[in-house]
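Report on the following structure.
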Amino acid sequence: MVAQISALVIGACVTCIDPVLSQAIAKGPFSDNYVRRDLREFISAEAGGNDGVGFPFLLLAVCLVRYAETPENTVSMEEFDLEKDHLDPSKLGRFGGGVGVALKHWAVEGVLYMVLMGLSYGAMVGYGSRKLLNFSLKR
């Protein structure tokens, strides 16, 4: 099981190199002469979206590692259990719970909180910045 989770972490990290590779097509003198502008912008947007898709998978792997069942040969992990469980404040620790708890934390903390709140914050800041920029250009 640990090998599959490690492969998920590596895969989520490697997915994000696409913007570097796509810039060879979207930027430079070759693309200025032979690639249409709208296609270059689409390639850059797709590369940025690819980064956004890799992040939840990395969070899923971290949650699966964090809430994995305690190995049988573990004597005591109390000195490492310093982080509180945000969904259940009465619990302390990193181990235990299994896949169900890991998926619950991934959905609530990872997807709902980090991704959707980040999306809404980015939309608000982007909209406000656009209005401020248009106001400044008029003056």
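Every number in this text was worked out from the coordinates using simple rules, so none of it is lab data. This is a predicted model, so every value here is computed, not measured. Note that each Cβ is placed from the backbone with ideal geometry, even for glycine, and that neighbours are counted across all protein chains shown.
So the label point goes 7 Å from the Cα of THR15 along Cα→C-beta, right? Which residues of segment 95-139 then have their backbone N under 18 Å from it? Only 103-119 fall inside the zone, counting backbone N under 18 Å. Each label point was placed 7 Å from the Cα along the Cα-to-Cβ direction; for ALA7 and GLU46 their separation is 2.6 nm.
Taking the Cα centre of segment 16-67 as origin and assigning +1 to Lys and Arg Cβ atoms and -1 to Asp and Glu Cβ atoms, the resulting dipole is close to 60 debye.
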